[in-house]
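Remarks on the structure that follows.
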Amino acid sequence: MGWIKAGKISDIPEGKAIILEAGAKQRALFNSGGKFYAIDNICPHKGASLAEGYVENCQVTCAWHAWSFELDSGKCLTLPGVKLKTYPVKIEKGDVFVQE
């Protein structure tokens, strides 16, 4: 598997996210506490972009209906048994990469 260059660390401020296009899927790359996490971008509840959600304490809360997900595991905190796919992230020379 390869790596997708998402941008520079400075492109993703604390508590924010960017969207990565990876083939037919979108991924959201979050900065929470200075650590970076990548998960599927689409909320399984009603299809909202999680990159537009609220980020705090290594969690994202969907802006539409407040479903919450752990950024490190993809686990839904709102509905047990629901989980988003997560993707490895690496930092090299100030650039952020997400595994395909």
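Does segment 45-66 hold any residues that are at negative phi and surrounded by fewer than 17 Cβ atoms within 10 Å (Cβ to Cβ), and which are they? Steps first, please.
Residues of segment 45-66 at negative phi: 45-46, 48-56, 59-65.
Across segment 45-66, the qualifying residues are His45, Lys46, Ser49, Glu52, Tyr54, Glu56, Ala63, Trp64, His65.
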Neighbours by Cβ (under 9 Å, 6+ apart or cross-chain): first from segment 1-13, touching a residue at least 40 places away in the same chain (Cβ under 8 Å) and closer than 19 Å to Val55 by Cα; second of a type in the set (Val, Ile, Thr) and not in a strand (DSSP E or B): Ala6/Ile12
Residues satisfying the stated conditions in segment 67-100, i.e. charged (D, E, K, R), surrounded by fewer than 12 Cβ atoms within 10 Å (Cβ to Cβ), within 16 Å of Lys35 (Cα to Cα) and out of contact with any Phe, Trp or Tyr (no Cβ under 6 Å at 6 or more places or on another chain): Glu92, Lys93
Filter result for Ala51 (of a type in the set (Gly, Ala, Ser) and more than 17 Å from Ile9 (Cα to Cα)): no
Check on Thr78, hydroxyl-bearing (Ser, Thr, Tyr) and over 22 Å from Pro13 (Cα atoms): yes
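Looking at Gly34, Gly47, Gly81, which one is under 26 Å from Gly94 (Cβ atoms) and out of contact with any strand residue (DSSP E or B) (no Cβ under 6 Å at 6 or more places or on another chain)?
Details: Gly47 fails: under 26 Å from Gly94 (Cβ atoms); Gly81 fails: under 26 Å from Gly94 (Cβ atoms).
Step by step, each of Gly34, Gly47, Gly81 is checked, and only Gly34 is under 26 Å from Gly94 (Cβ atoms) and out of contact with any strand residue (DSSP E or B) (no Cβ under 6 Å at 6 or more places or on another chain).
Residues are listed down the side, and each one gets a yes or a no for (1) of a type in the set (A, V, I, L, M, F, W, C); (2) not in a loop (DSSP other than H, G, I, E, B):
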| residue | (1), (2) |
| --- | --- |
| Val60 | yes, yes |
| Trp64 | yes, no |
| Phe69 | yes, yes |
| Thr78 | no, no |
| Gly81 | no, no |
| Phe97 | yes, yes |
Where Phe30 falls short, out of the listed (1) part of a loop (DSSP other than H, G, I, E, B); (2) buried (at least 18 other Cβ atoms within 10 Å of the Cβ): (1)
Unmet requirement for Ile39, which otherwise passes all of (1) outside any strand (DSSP E or B); (2) in contact with a strand residue (DSSP E or B) (Cβ under 6 Å, 6 or more places away or on another chain); (3) at pLDDT 95 or above: (1)
Ser73 among the hydroxyl-bearing types (Ser, Thr, Tyr), free of Cβ contacts under 8 Å to residues at least 40 places away in the same chain and touching a Cys at 6+ places or on another chain (Cβ under 7 Å): no
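The values are calculated or read from the model by the stated rules, or taken from the named source; none is laboratory data. If you're wondering where the values come from, they're calculated on a predicted model, not measured in any experiment. Because the Cβ atoms are built from the backbone with ideal geometry, glycine has one as well, and the counts that use them run over all protein chains shown.
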